[in-house]
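Since every read-out is calculated from the coordinates, none of them should be taken as a lab result. The model shown is predicted, which means the values in this text are computed figures rather than measured ones. Please note: Cβ atoms are built from the backbone with ideal geometry, for glycine as well, and neighbour counts cover all protein chains shown.
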Amino acid sequence: MEDRLKSILDSAIGLFNRYGIRSVTVDDICRELGMSKKTIYLYVSSKEDLVRAMLASRIQSIHEIFAGSTGPGMNAIDTLATFGKLMGDYLKNLKMNLSLDYDLKKYFPSVYREYMDQRNQIIHQRLAENIRQGIEQELYRAELNADLLADLFMIKMENLTEADSATEAAYSSKKMYKVMIENHIRGLVTKKGVKYFEKNILGK
């Protein structure tokens, strides 16, 4: 992402979190940045376009998480465990902006729905691919339904994102996500897979 656009998005997110998305205008963002409206309109054409760019940056972050979860010599368990660590950090940051998401759903429902559909499609596809890869590598059980399990994982992920304050007081988001990933992997693996998981992931 271009540095100038990133600065605009970071400033807008900060203002949206402080004052609510409905209250903040493009003029407010210009004042915050010390930038003219003409300059901002080189990057976004309206407040809705700004919201689209902001959500597109989230999609890019998810692509980067998956890219960072794979590499030479990594098997399906390595990939899923690494994804869990990176996604835990991402969700921790996302939970700090839940009021922003509430505003997005309320004031830009169609834009937010498009974002959620795209996000869910990406995560579902990559998780299902991971399960199929693990089955081929004989690390995951052959009878698993990859699409169903990917959907169930995403439901758990959403529930974790929306965990109440009492739960968060007892356990950090990162801790809860780590345990969720570990339990998810244990539900997938063969005897060969559990040996690898316990020795090479938990044993590190």
Subset of Lys92/Lys175; Lys85/Lys191; Lys47/Lys105; Lys92/Lys174; Lys38/Lys105; Lys156/Lys178 violating a 18 Å alpha-carbon distance limit: Lys85/Lys191; Lys38/Lys105
Whole-Å distance, taken between Cα centres, linking region 114-151 and region 1-45: 37
May I ask you to compute the full-extension gain from Lys85 to Ser172, defined as 0.36 nm times their residue separation minus their alpha-carbon distance, rounded to one decimal in nm? 30.0 nm
Here FRET efficiency (C-beta to C-beta, Arg31 to Asn145, R₀ 41 Å, nearest 0.05) is 0.15
Kirkwood-Stokes translational diffusion coefficient of the chain, alpha-carbon pairs, 25 °C, 0.890 mPa s, µm²/s: 131
Helix-only [θ] at 222 nm, the chain, -39500 (n - 2.57) per DSSP H run of 4+, per residue, nearest 500, equals -24000 deg cm²/dmol
Dimensionless Rg/Rh of region 1-45, both radii on Cα and Rh by Kirkwood, sits at 0.94
Restricting to Cα pairs below 8 Å that are 6+ residues apart, what does the relative contact order work out to for the chain? Please round to a whole percent. 22
Starting from the Cα of Lys156, step 7 Å along the direction of its Cβ; do the same at Ser45; then give the gap between the two resulting points in nm. 4.3
Taking 184-196, 130-142 and ranking on average Cβ neighbours within 10 Å, highest first, one gets 130-142, 184-196
The ratio Rg/Rh over the Cα atoms of region 1-88, Rh being the Kirkwood inverse mean 1/r radius, stands at 1.15
